[in-house]
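Engineer: Could you have a look at this structure, given as structure tokens, before my questions?
The values are calculated or read from the model by the stated rules, or taken from the named source; none is laboratory data. Being a predicted model, the structure only gives us computed values, none of them experimental. A quick note on method: Cβ atoms are made from the backbone with ideal geometry, for glycine too, and the neighbour counts reach across all protein chains shown. Side chains included, ligands, DNA and RNA excluded: accessible areas come from the protein's heavy atoms. Shrake-Rupley method; radii C 1.70, N 1.55, O 1.52, S 1.80 Å.
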Amino acid sequence: MSHDAARKQFWRRNVSKVPGSIQHVYGAQHPPFDPMVHGTLTKTIPKPPTTPVKLKKVTTFQEFESTTSDAWDVGEDDDELLAIATESLNTDVVMETANKVIQNHTKLQEQNKSQEIQEVEVKAVTHVDGDNKIVKSASESQIPSSTGERHSLQRQQSVPQQTYVPSLADQIISSNAGLTEREAFRLEKFRQLLAGPNTDLDELRKLSWSGIPKPVRSITWKLLSGYLPANVDRRDGTLKRKQKEYFAFIEQYYNSRNDDTNQSTYRQIRIDIPRMSPETLILQPVVTEIFERILFIWAIRHPASGYVQGINDLVTPFFVVFISDYAAEEEEVENVDVSSLPEEVLRNIEADSYWCMSKLLDGIQDNYTFAQPGIQRKVKMLEELVSRIDEHVHRHLHQYEVEYLQFAFRWMNNLLMREVPLRCTIRLWDTYQSEPEGFSHFHLYVCAAFLVRWRKEILEEKDFHGLLILLQNLPTAQWGNEDISVLLAEAYRLKFAFADAPNHYKK
């Protein structure tokens, strides 16, 4: 009794109003009542009286229950539920029950797998006869089927089965076998960004700064260089038009390569091509012819600079990236037999390489005009920048009369292609393509970070010849993407500190 009294006291309230009965909530499942649509219902169903009912003052929970119409029925089982809820559970019983649930779930999954395997086997052994009827083969007719198995299968089908849905991470990794989890996710981000009707080039640049996955590098370079438009529907037309335009140049100009005015240019191109890297790829006759045409046409169409040694190196990364789309996944691009590719593919690669190289050179053309003033200016800027970054290295070079022009001219002329392996150049160009003025401006800070990277080795050399040999043959043969990433991070730090305040590196 005392317990009941306590409950009544607990539920006593000093309010005069209580919630009314549950009302309909209109939504997708319960639309508002429309008398025009449900006209027959208004005739057959009498309208309930609308006389207001005066609510009685409620003082206890029991009275509240009796005066409200609720969504659930109050039965005699309430006391039992309260008793169960307040009863402390036995830990052993809980663990035993949980183990049984896990065992049953495991057994059900195994049965589901065996059922799926049987269904696949059944599908595999069926065939269509001459009358277009599906007939079971002899191997299927030998599969035993007992009544017990059939009943067991029916029981399995009657139980709701929990199917495994692979997560997004599992789907991405499984579709990109051989990649790490991070590489697979980055590749998926690139594919989603490139799949839209209009590619967001700003987002593409941000994503490309840390490197571009090989499967999407070709299309990404074409977009970031400005060769392809961001709109997907315009790309095929642009490619066909530019490729047609390039081969019109071939017909117009290439036959003049042996004329007196152009003979020296063509001869120099033929001398420089075998010196390029990778040698195995370049020395293939088909590749040599492609490079000769690309470089000669560019020289003819840019008389302000013409052909200058160093431009030949700038074709290689584009050609290698574009041709790697047709190489096997595990095959090194240097070992690709270019002559085995269809002629139409080679023509497209040649035209694409020409236009992308032209886009690059448009931003650094003063590097290759008479007296190459662009390179002269950048070497001087490099010297001033290093003097503020690392004064010990700068003084050491001057102490032994090593001029920056003696080693840094090639760094600017060839964009470090002769200093690092080709794979590192391609990774470097991923960032150059995504960085504003990457080839013309950011490259300066990369060269400064590259020089300071060898601080210890430079300070150990105590004579002019030793320093010059070191700076012209830096040990980068084993470099990989991680080394380039560290170099780029340091270059970005230098740019952040000096780019917007050029007087910081001027004495």
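Engineer: Go through region 457-464 residue by residue and turn each phi into a ³J(HN,Hα) via Karplus (6.51, -1.76, 1.60, θ = phi - 60°); whole Hz please, and just put x for glycine and proline.
Structural biologist: Whole-Hz 3J(HN,Hα) from phi for region 457-464: 5, 5, 5, 7, 7, 10, 8, 4.
Engineer: If region 260-356 were replaced by its equivalent ellipsoid, with semi-axes equal to the square roots of 5 times the Cα gyration tensor eigenvalues, what would those be, largest first, whole Å?
Structural biologist: Values: eigenvalues 119, 36, 26 Å².
Those come to 24, 13, 11 Å.
Engineer: At a 1.4 Å probe radius, which order do 245, 343, 460 fall into by accessible area, largest first? Intermediate results must be reported in sequence, preceding the final value.
Structural biologist: On the way: 245 65, 343 135, 460 110 Å².
Highest to lowest solvent-accessible surface, that is 343, 460, 245.
Engineer: Right, something else. List the residues of region 386-429 whose backbone N lies under 18 Å from a point placed 7 Å from the Cα of residue 279 along the Cα-to-Cβ direction.
Structural biologist: 417-423
Engineer: In whole angstrom, and with the biggest value first, how far do the Cα coordinates of region 386-507 range along each principal axis?
Structural biologist: That gives 39, 36, 23 Å along the principal axes, largest extent first.
Engineer: Please compare each pair in 242/380; 244/359; 107/189; 240/378; 240/495 to a cut-off of 28 Å on the Cα-Cα distance and tell me which ones are over it.
Structural biologist: On the way: 242/380 38 Å; 244/359 17 Å; 107/189 39 Å; 240/378 38 Å; 240/495 39 Å.
Violating the 28 Å limit, Cα to Cα: 242/380; 107/189; 240/378; 240/495.
Engineer: Please give the net charge around residue 400, taking every other residue with its beta carbon less than 9 angstrom from that of residue 400, where Lys and Arg add +1 and Asp and Glu add -1. Mind dumping the intermediate values first?
Structural biologist: On the way: positive: 462; negative: 401, 461, 463.
Local net charge: -2.
Engineer: Tell me, what ³J(HN,Hα) does each residue in region 341-350 have, in order and in whole Hz, if you take phi through Karplus 6.51 cos²θ - 1.76 cosθ + 1.60 with θ = phi - 60° and put x for Gly and Pro?
Structural biologist: Per residue, the Karplus-derived 3J(HN,Hα) values read 6, x, 4, 5, 5, 5, 5, 5, 5, 4 Hz.
Engineer: Right, next: Please give the length that would be gained between residue 399 and residue 260 if that part of the chain were fully extended, namely 0.36 nm times their separation in residues minus their C-alpha to C-alpha distance (nm, one decimal).
Structural biologist: On the way: separation 139, 0.36 × 139 = 50.04 nm, distance 4.81 nm.
Length gained between residue 399 and residue 260: 45.2 nm.
Engineer: Please identify every one of the trypsin sites (Lys or Arg not before Pro) in region 395-504 that sits in a loop by DSSP and has no more than 11 other beta carbons within 10 Å of its own beta carbon. Intermediate results must be reported in sequence, preceding the final value.
Structural biologist: On the way: sites: 395, 410, 418, 423, 427, 453, 455, 456, 462, 493, 495; in loops: 418, 462.
Answer by residue number: 462.
Engineer: Write down the radius of gyration of region 306-447 and its Dmax, each obtained from C-alpha positions, in Å.
Structural biologist: Both quantities, over Cα of region 306-447: 17.6, 57 Å.
Engineer: Quick one: accessible surface of residue 100, probe radius 1.4 Å, all protein chains present, in square angstrom to the nearest 10.
Structural biologist: For residue 100, solvent-accessible area is about 110 Å².
Engineer: Another question about this same structure. Got a sec to turn the phi values of region 306-315 into Karplus ³J(HN,Hα) couplings, 6.51 cos²θ - 1.76 cosθ + 1.60 with θ = phi - 60°, whole Hz, x for Gly and Pro?
Structural biologist: x, 7, 10, 4, x, 5, 4, 5, 6, 7
Engineer: Go through 391, 251 and list them by solvent-accessible area, largest first, probe radius 1.4 Å. The partial results should precede the final answer.
Structural biologist: Working: 391 85, 251 150 Å².
Putting 391, 251 in descending order of accessible area: 251, 391.
Engineer: Considering only protein heavy atoms, what is the solvent-accessible area of residue 186 at a probe of 1.4 Å, reported in Å² to the nearest 10?
Structural biologist: It works out to around 40 Å².
Engineer: Residue 499's amide H: which non-local residues (gap 5+, or another chain) put their own amide H closer than 5 Å, with H modeled 1.01 Å from N in plane and none for Pro or chain starts?
Structural biologist: Sorted by chain and number, the residues that satisfy this come to none at all.
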